[in-house]
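Here the structure is laid out as structure tokens; the discussion comes afterwards.
The values are calculated or read from the model by the stated rules, or taken from the named source; none is laboratory data. Just so you know, these numbers come straight off a predicted model, no measurement behind them. Positions of Cβ are backbone-derived with ideal geometry, glycine not excepted, and every protein chain shown enters the neighbour counts. Note: areas computed on protein heavy atoms with side chains; ligands, DNA, RNA excluded. Shrake-Rupley method; radii C 1.70, N 1.55, O 1.52, S 1.80 Å.
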Amino acid sequence: NVVAKRPVMKIDELVAVFRGEIQLDAARLDDEGPGLHIAVTDVESGANRVLRATRDNVFALLTAAMAIPVAYGKVVPVERGLYIDGGFGAPVAIREALAMGLERVIVILTKPRGHRRKQNALSEWLQCSSYAAYPRARAAIRAKWKNYNETMDLIDAHEQTGQLIVVRPEAELPASRLSRSKARILASIELGRAAVRSRARELLSYTER
């Protein structure tokens, strides 16, 4: 797929599953209440955006949220903007969640406590090559490692004060982002389930307080 310049990850086919095989009840997204918000990156400005999903934009937003460089590499139009994966400016949209004044915030992470990223010039160059026409998006990609570390520091600080609760695996997941091994994927899922089970009582108490 890389040689043929086709997407490595079949994101469009994955999103199509929720249009047919496992139908997403998109109409419920328009109900009153907190709703579903999805983090994306605006390629024109390079800024992070957290947009509310509606029945009209949810499939485009899901596609944009998974539009990672190289593996997908396309820009996704959503309403009046152009977006890609939101993990560059907000690997976890914790600032936006806290700004909403929510009474309870549960953060689900895929990395163990203490995990931090390092700058990788080669990886940045490869990712930036997907968006040659968008210099500010490329700047956001290059700042990803720093934004990630600052976000994890913020989450740790708020967890210590009890302002939020964090669920994360005890160890690194066997599966990587592009893993095709069924055994590794299932093992990663089980680590996630184990992380939830280990804090089940605490989570129940937190959500009912």
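In summary, ARG95 fulfils each of the numbered conditions (1) open to solvent by 70 Å² or more (accessible area, probe 1.4 Å); (2) modelled with pLDDT under 90 with the single exception of condition (2).
Listed here are the residues, each with its yes/no results for (1) within 20 Å of the chain's Cα centre (by Cα); (2) free of Cβ contacts under 8 Å to residues at least 12 places away in the same chain; (3) within 29 Å of THR207 (Cα to Cα).
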residue	(1), (2), (3)
THR110	yes, no, yes
ARG116	yes, no, yes
SER123	yes, yes, no
ALA132	no, yes, no
ARG136	yes, no, no
ALA140	yes, no, no
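The set of residues in the range 170-200 being in a loop (DSSP other than H, G, I, E, B) and without any contact (Cβ under 8 Å) to a residue 60 or more places away in the chain consists of GLU170, ALA171, PRO174, ALA175, SER176, SER179, ARG180, SER181, ARG199. Selection of the range 121-168 for residues being within 15 Å of ALA47 (Cβ to Cβ) and either open to solvent by 20 Å² or more (accessible area, probe 1.4 Å) or not hydroxyl-bearing (Ser, Thr, Tyr) (or both) yields TYR134, PRO135, ARG136, ALA137, ARG138, ALA139, ALA140, ILE141, ARG142, ALA143, LYS144, ASN147.
Determine, yes or no, whether ARG104 is open to solvent by 80 Å² or more (accessible area, probe 1.4 Å), at pLDDT below 95 and closer than 30 Å to VAL76 by Cα. No; evaluated as a whole, the condition is false for this residue. Remark: VAL3 matches the filter, which requires a residue to be surrounded by fewer than 17 Cβ atoms within 10 Å (Cβ to Cβ), within 18 Å of LYS74 (Cβ to Cβ) and hydrophobic (A, V, I, L, M, F, W, C). ARG197 fulfils the conditions (1) under 26 Å from ARG116 (Cβ atoms); (2) open to solvent by 90 Å² or more (accessible area, probe 1.4 Å); (3) not small (Gly, Ala, Ser) except for a single criterion, (1). Only one of the listed residues (ARG6, ARG55, ARG19, ARG49) is under 17 Å from the mean Cα position of the chain (by Cα) and not hydroxyl-bearing (Ser, Thr, Tyr). That residue is ARG49. Note on the range 6-20: residues that are loosely packed, with under 13 Cβ neighbours inside 10 Å and at pLDDT 90 or above total 3. The sole residue among ARG80, ARG138 that is touching a Cys at 6+ places or on another chain (Cβ under 7 Å) and farther than 18 Å from THR151 by Cβ is ARG138. Considering only residues in the range 22-46 that are under 19 Å from LYS74 (Cβ atoms) and either among the hydroxyl-bearing types (Ser, Thr, Tyr) or within 18 Å of the chain's Cα centre (by Cα) (or both), the one that is surrounded by the most Cβ atoms within 10 Å (Cβ to Cβ) turns out to be THR41.
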